[in-house]
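Working notes, beginning with the structure itself.
The values are calculated or read from the model by the stated rules, or taken from the named source; none is laboratory data. Remember, it's a predicted structure, so these values are computed and weren't measured experimentally. Don't worry about glycine lacking a Cβ; one is built from the backbone with ideal geometry, like all the others, and counts go over all protein chains shown. Surface areas here come from the heavy atoms of the whole protein model, side chains and all, with no ligands, DNA or RNA. Shrake-Rupley method; radii C 1.70, N 1.55, O 1.52, S 1.80 Å.
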Amino acid sequence: MNGMETIQILVTEKDTGKRADVFLVEQLEGISRSAVQNLLDKGQITVNGAACRKNRPIAAGDVFFYTPEEPVTAEILPENIPLEIVYEDSDLLVVNKPKGLCVHPAPGNERGTLVNALMYHCGDSLSGINGVIRPGIVHRIDKDTSGLLIVAKNDRAHVALAEQISAHSFDRQYEAVAFGAFSDPCGEINLPIGRSDRDRKKMAVTEKGRSAKTRYETLATYSDHSVTYSHLRLTLYTGRTHQIRVHCASKGHPIAGDDVYGNADRDHRWFPTLEGQCLHARSIGFVHPTTGEYLSFTSELPVYFRDILTKLSHWSKISIIE
C-alpha cells in the first residue's frame, strides 16, 4: 500500500451476501472496521467504479478499488511532558489525561499535546493505524475533558481494541456536573448525533446522524435560590464526537462550563475558576488484546471537579442516589 497505487479486490462466490465493510476488514489486513467505514464514506474505497455504502450486500464479481492516501509528511516532535500512566505493558498503556491537554496536534496547536508526550515516552512503539498525527490513539477525549484514555503500542492491539469499541463492549463511564436536573433521575438518551447544519464545527442531534446512546444517573442535585446543578454518572454505549456534551445539552442540561453547547458565562458566575466543561472520564474497561483478560481502571476525580462539588455541598441538596 505505497503511494497512490490502487488496490483491486475481487469478490468470489464464497463471500456473496456479506456486508461490504465486513468483507473489506477481512481483506485489508491491519485496518479496523471503523477505519474501513471511514474510507468508504470518503470515497477512497469504491465498488465497480461507484460509491459504496458500508452495509451494501456484496456479490460474486464485484470489484472493490482502494486508493490509499499519499503518506503525509509531518514532524511530530517528542516532548518531555509529564504523563500519569495508570497501566502499561508491551501492547498498550492507559493514561490519566489532565484537563487542558489536547490529545493530538492540530493546525496552530502542533506542540504540547498528549501525542508529543507519548512519542517521548514510547519512541517508535506506537500503533500507526491512525497516521502520523494520531499514533496509538484508539479513542479520544476532548481537550477540556479529563480522565482515562487508552493508547495502543502496535497495530494488532489497536485493531482489537477498536473492534471492542465498535461492538460496544468497551466500557467507559464518566462523571459530570450539569446545569439543571433531569425529570427522571436515571435514564437513557438515545438520539442520533451528526455534524450540525448550522455550524459545521459543532455536532448536533440530527436525524441524519449516527446512532448514539448515553445512560445517565443522577448522583445528587443541588439548588441555590433559582439555580440548580446536578452531579451525574454517565455511561457511553457509543462513542460519537462530543456525545455526552451534545446529549446532555439536547435535554436542556448542558455540562457546566461548556462554552460550545452550554452557557459558560452563566456557569462561571457560580464557578469562577472553572475552565471548560466539568466532565471526567472516570473509569474504563476492556478485554486485553493479547491475554484475553478483562482489565478495568478508575481515576480519582481531579481537583477542579472536587472543588465544584465542595461548593455545591454548601447548597441545598434536593436528591441523591447512593
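Which shape class applies to the stretch 4-67: rounded if a/c is under 1.5, otherwise prolate when a/b exceeds b/c and oblate if not, where a ≥ b ≥ c are the square roots of the Cα gyration tensor eigenvalues?
rounded
Show me the three semi-axes of the equivalent ellipsoid for the chain, from the C-alpha gyration tensor (sqrt of 5 times each eigenvalue), largest first, rounded to whole Å.
38, 23, 18
Give the carbon-plus-sulfur fraction of the accessible surface of the chain in %, rounded to a whole number; probe 1.4 Å, heavy atoms of protein chains only.
Taking all protein chains in place, the chain shows 48 percent carbon and sulfur surface.
Treating only the Cβ of Lys, Arg, Asp and Glu as charged (+1, +1, -1, -1), what charge dipole size does the stretch 56-154 show about its Cα centre? Round to the nearest 20 debye.
My answer is approximately 280 debye.
Using a simple charge model, +1 on the beta-carbon of Lys and Arg, -1 on the beta-carbon of Asp and Glu, nothing else, what dipole does the stretch 1-134 show about its Cα centre, in debye to the nearest 20? It would help to have the intermediate numbers written out before the result.
Details: 12 positive and 18 negative charges, 131 e Å.
The calculation lands at about 640 debye.
For the stretch 144-239, report the accessible area per residue in Å² (1.4 Å probe, heavy atoms, rounded to an integer).
Heavy-atom SASA per residue in the stretch 144-239 reads 45 Å².
Could you order the peptides 249-258, 197-206 from most to least packed, using the average number of other C-beta atoms within 10 Å per residue?
So the order, starting with the most tightly packed, is 249-258, 197-206.
Place +1 on the Cβ of every Lys and Arg and -1 on the Cβ of every Asp and Glu in the chain, take the dipole about the Cα centre, and give the residue among THR241, PRO289, MET203 whose Cα lies farthest towards its positive end.
The Cα lying farthest towards the positive end belongs to MET203.
How much net charge surrounds ALA152 when only the other residues with a Cβ under 13 Å from the Cβ of ALA152 are counted, with Lys and Arg +1 and Asp and Glu -1?
-1
Using alpha carbons only, how many degrees (0 to 90, rounded to 10) separate the axis of helix 155-166 from the longest principal axis of the chain?
60
Give the residue from THR228, LEU39, LEU28 lying farthest towards the positive end of the charge dipole for the chain; charges sit on Cβ (+1 for Lys and Arg, -1 for Asp and Glu) and the dipole is referred to the Cα centre.
Positive-end residue among those listed: THR228.
When the gyration tensor of the stretch 50-159 is built from Cα positions, what are the square roots of 5 times its three eigenvalues, in whole Å, from largest to smallest?
31, 16, 14
About the Cα centre of the chain, what is the dipole size in debye to 20, counting +1 per Lys and Arg Cβ and -1 per Asp and Glu Cβ, all else neutral?
The dipole of the chain has a size of about 980 debye.
One-quarter of the Cα convex hull surface for the stretch 173-322, in nm²?
Dividing the Cα hull surface by four gives the mean projection, 10.4 nm².
Per the helix-only calculation at 222 nm, which mean residue ellipticity applies to the chain, given -39500 (n - 2.57) for every DSSP H run of n ≥ 4 and division by its residues, nearest 500 deg cm²/dmol?
Value at 222 nm, helices only, nearest 500: -5500 deg cm²/dmol.
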